[in-house]
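The values are calculated or read from the model by the stated rules, or taken from the named source; none is laboratory data. Everything quoted here is computed from the prediction, not taken from an experiment. Glycine also receives a Cβ, built like all others from the backbone with ideal geometry; neighbour counts cover every protein chain displayed. Remember, those area values only see protein heavy atoms, side chains included, never the ligands or the DNA or RNA. Shrake-Rupley method; radii C 1.70, N 1.55, O 1.52, S 1.80 Å.
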Amino acid sequence: MSVVSLQLGQCGNQIGHELFNVISDDSNGPNRKKYKQCSDERFFYERSTGELVARSVLVDMEPKVISQAIAKASKSGRWRYGDKAHFSQKQGSGNNWANGFCVHGPRHEEAVEDLVRMEMERCDRLAGIFTMMSVAGGTGSGVGTYITQCLRDLYPNSFILNQVTWPYGAGEVIVQNYNSVLTLSNLYQLSDAILVHENDTVHKICSQLMNIKHISISDVNKVIAHQLASVLQPAYTADSPCHYSTNPIGELLTSLVCHPEYKLLSLCNIPQMSSTSLAYSVFNWPGLLKHLRQMLIASARMEEGIDWTVSAPSEVTSGGESATNSRHKNFNLSLANILILRGKDVSTAVTDGFKDPALYVPWLKTENIFSTWTSPVAFNGYEKSATLVSNSQSLLKPLDNIVRKAWNMFASRAYVHQYIKFGISEEDFLDSFTALEQIISSYTHL
C-alpha cells in the first residue's frame with residue numbers, strides 16, 4: 001500500500017525533501033531486498049527507465065524552495081520528484097494564515113486537487129495521506145489547512161495524518177501564535193491525527209546530542225526527517241508479524257487515536273548523535289528502553305537532561321513512600337503508545353516496562369494501549385534504534401504557551417485587522433481559542 005505525501009509551504013517542502021532522502025539512503029543499505037521493495041512501493045513509483053519517483057505533491061506560493069528541492073532530488077541520482085507534481089506562484093502568503101486560507105487556498109484549489117488526484121490514481125492501494133507543514137507561517141499553515149479541508153471532502157474515508165512543525169518560542173514571526181492557533185484548531189476537526197515536532201526541542205537535539213556548532217535549518221530538518229522515517233519505514237507489527245506491514249498510517253492511527261477528542265501525537269527517538277560519536281558508541285536494548293521509558297513518563301524529548309525523580313504512580317519513591325496518593329506533578333499520563341525497535345537482536349528486547357497500566361488512563365483496555373513494531377534491519381546508520389510515538393499529555397505545556405501568547409495579543413486586538421481584511425473575523429478567532437481550550441482541558445483531565 002502506498003502513502004501519498006503533500007509538502008506544504010517552505011517548511012513542509014524542506015522536511016519532505018530530507019524525508020525522502022533518508023528513506024532512500026536507508027533502503028539502499030546492504031542485505032535488505034524485501035525491506036527496500038516494501039519501502040519503495042510505499043513512497044515511490046518506478047518509471048519505465050527504472051527511475052524512482054516520489055509519491056509526493058509539492059505546494060508553495062513562492063517558487064524558490066520547490067525549485068531547490070526538485071534540483072537536489074534529481075542531483076541525488078537515486079530518486080526524483082514527478083515532472084508535474086508541483087504547484088507554485090510568484091507571491092507568498094506574507095506569514096498571514098488568513099491570506100493563505102481565504103485567498104490562495106480557494107484560488108488554487110482546483111490545480112492542487114488535480115495534482116493530488118494524479119498521485120492517487122498511480123497507487124494500486126492507498127494507505128493514507130501524509131502532509132508536512134509548519135503552523136507558524138502563511139502558506140504551510142493557511143493553504144495547508146485549506147488543502148487538508150479539501151482532501152477530507154474529496155477522500156472522506158482515507159486516513160489523513162498531518163505532521164506539523166511548531167515554531168521557536170522566541171520566533172521571528174510576530175503573528176506566529178495567531179497562525180498556530182488558527183491552524184491547530186481547524187486541523188483538529190479535519191485530520192485523523194496531528195504529529196507534532198517542536199523547533200525548540202529539535203534545536204536542542206542538534207546542539208546537545210549532535211554537537212553541531214552552527215545550526216542551520218537543514219540540520220533541524222534532517223533530525224525531523226530521521227525521526228519520521230524511523231516511524232514510516234517498513235516494520236513487523238501485531239497485525240502483520242510475518243511480513244512487513246502494508247499500512248503504516250492506518251495501523252499508527254488505529255493504535256494511537258482512541259477518541260476524536262485526543263489527536264495530538266508526539267515522537268521521540270534514541271539514540272541520536274553525530275556520526276563521529278556513533279562510530280565509538282555501543283548500545284544495548286535494556287539501556288535504550290530504560291531511557292526511553294523515563295523520557296515518556298517525565299515528558300522529555302531527548303535523553304539528555306531527563307528528570308529521573310519522576311515515577312509512575314504505582315511505583316515506590318526512594319523515600320519508601322508510595323506515589324499512588326499523589327501523582328508527581330511532572331508525570332506524563334498516556335492514552336496509548338507505539339514503540340518501534342529497529343536493528344540487531346531486536347527479538348531479545350524486553351518491552352514490559354511500557355505495558356505498566358500505571359502509565360495509562362484507567363478507562364482503556366490494556367490490550368489497546370501499547371503496541372510494538374520491530375525490524376531486524378539497522379536504521380539509517382544506527383545498529384540499534386528505538387522510537388516512541390505517544391498520545392499523551394506531553395504537548396500540553398507547549399500548546400498552552402501558544403494559546404496564552406496568542407490570547408494576550410488578541411486581548412488588545414494587536415494585528416487582528418491584518419486577518420480581518422482577508423476574511424477572518426474576531427468570531428473565528430474566538431472559536432479557535434475555544435476549540436484549543438477544550439483540547440487542553442481534555443488532556444489535562446485525563
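When region 397-445 is described by a simple charge dipole with +1 on each Lys and Arg Cβ and -1 on each Asp and Glu Cβ, the residue from TRP407, SER432, HIS445 located farthest towards its positive end is TRP407. The spacing between region 16-86 and region 207-265, judged by their C-alpha centroids, is 18 Å. Short-range pairs are left out: with C-alpha atoms under 8 Å and at least six residues apart, the relative contact order of region 2-265 is 22 percent. Based on protein heavy atoms only, region 319-446 ends up with 48 Å² per residue of surface accessible to a 1.4 Å probe. The HIS259 and GLU109 beta-carbon pair, evaluated with R₀ = 30 Å, returns a calculated FRET efficiency of approximately 0.45. Given +1 at the Cβ of Lys and Arg, -1 at the Cβ of Asp and Glu and no other charges, the dipole of the chain around its Cα centre is 860 debye to the nearest 20. For the residues CYS242, CYS268, a 1.4 Å probe over the protein chains yields an accessible-area ranking, largest first, of CYS242, CYS268.
Solvent-accessible surface (1.4 Å probe) assigned to TYR146 amounts to roughly 30 Å². Since only HIS86, SER134, SER394 are under comparison, the one whose Cα sits farthest along the positive direction of the charge dipole of the chain, derived from C-beta charges on Lys, Arg, Asp and Glu, is HIS86. Once the C-beta distance of SER207 and SER76 is scaled by a Förster radius of 22 Å, the resulting FRET efficiency is 0.20 to the nearest 0.05.
The accessible-area ordering, largest first, of the residues ARG125, ARG32, ARG413 stands as ARG125, ARG413, ARG32, per a 1.4 angstrom probe. Note on region 1-102: lysine pairs with Cα distance below 17 Å, sequence gap of 8 or more or different chains, count 5. The slack in the chain from LYS84 to THR49, taken as 0.36 nm per residue of separation less the alpha-carbon distance, amounts to 10.9 nm. Applying a length cut-off of 24 Å (Cα extent along the axis) and a mean Kyte-Doolittle floor of 1.6 to the DSSP H helices of the chain leaves no helix.
In the complete set of protein chains, residue-level accessible area for TRP79 is approximately 10 Å², probe 1.4 angstrom. In this Cβ point-charge picture (+1 for Lys and Arg, -1 for Asp and Glu), region 397-445 has a dipole of about 260 debye about its Cα centre. Compared with the direct C-alpha span, the chain from HIS214 to GLN68 gains 50.4 nm at full extension, assuming 0.36 nm per residue.
Excluding ligands, DNA and RNA, the accessible surface per residue across region 112-268 is 34 Å² with a 1.4 Å probe. Remark: relative contact order (the chain) = 16 percent; criterion is Cα-Cα distance under 8 angstrom and separation of 6 or more residues. Take the alpha carbon gyration tensor of region 57-155, find the square roots of its eigenvalues, order them as a ≥ b ≥ c, and report rounded if a/c is under 1.5; if not, report prolate when a/b exceeds b/c, else oblate. The shape class here is oblate.
As a rough guide to protection, the peptides 148-155, 226-233 ranked by mean Cβ packing within 10 Å, highest first, stand as 226-233, 148-155. Would you be so kind as to identify which of THR276, GLY100, SER48 lies farthest towards the positive end of the dipole of the chain, taking Lys and Arg as +1 and Asp and Glu as -1 on Cβ and the Cα centre as origin? Toward the positive end, the furthest listed residue is THR276.
On the beta carbon distance between ARG125 and GLU426, with R0 = 41 Å, the FRET formula returns roughly 0.35. Partner lysines whose Cα lies under 17 Å from the Cα of LYS329, excluding those fewer than 8 positions away in the same chain, are identified as LYS397. Classify the chain from the C-alpha gyration tensor, please: rounded if a/c falls under 1.5, else prolate or oblate depending on whether a/b exceeds b/c. Taking the square roots of the gyration eigenvalues as a ≥ b ≥ c, the chain is oblate.
The label point for LYS397 and the one for ASN28, both projected 7 Å from the Cα toward the Cβ, are 4.1 nm apart.
With the simple model of a label 7 Å out from the Cα in the direction of the Cβ, TRP363 to GLU304 spans 4.0 nm.
Counting helices only, and only those DSSP H runs with n ≥ 4, report the 222 nm mean residue ellipticity of the chain as the sum of -39,500 (n - 2.57) divided by its residues, in deg cm²/dmol to the nearest 500. Theoretical 222 nm ellipticity from helices: -12500 deg cm²/dmol. Relative to the current alpha-carbon distance between GLN37 and ILE440, full extension at 0.36 nm per residue lengthens the span by 140.9 nm.
Shape verdict for region 2-265, please, from the Cα gyration tensor: rounded (a/c under 1.5), prolate (a/b greater than b/c) or oblate. Rounded, because the longest to shortest axis ratio a/c is under 1.5. For the residue pairs LYS290/LYS355; LYS263/LYS290; LYS263/LYS384, the C-alpha atoms sit more than 18 angstrom apart in LYS263/LYS290; LYS263/LYS384.
Per-residue surface analysis assigns HIS203 an accessible area of about 70 Å², computed on protein heavy atoms at 1.4 Å probe radius. Surface composition of the chain: carbon and sulfur atoms hold 50% of the protein heavy-atom accessible area at a 1.4 Å probe.
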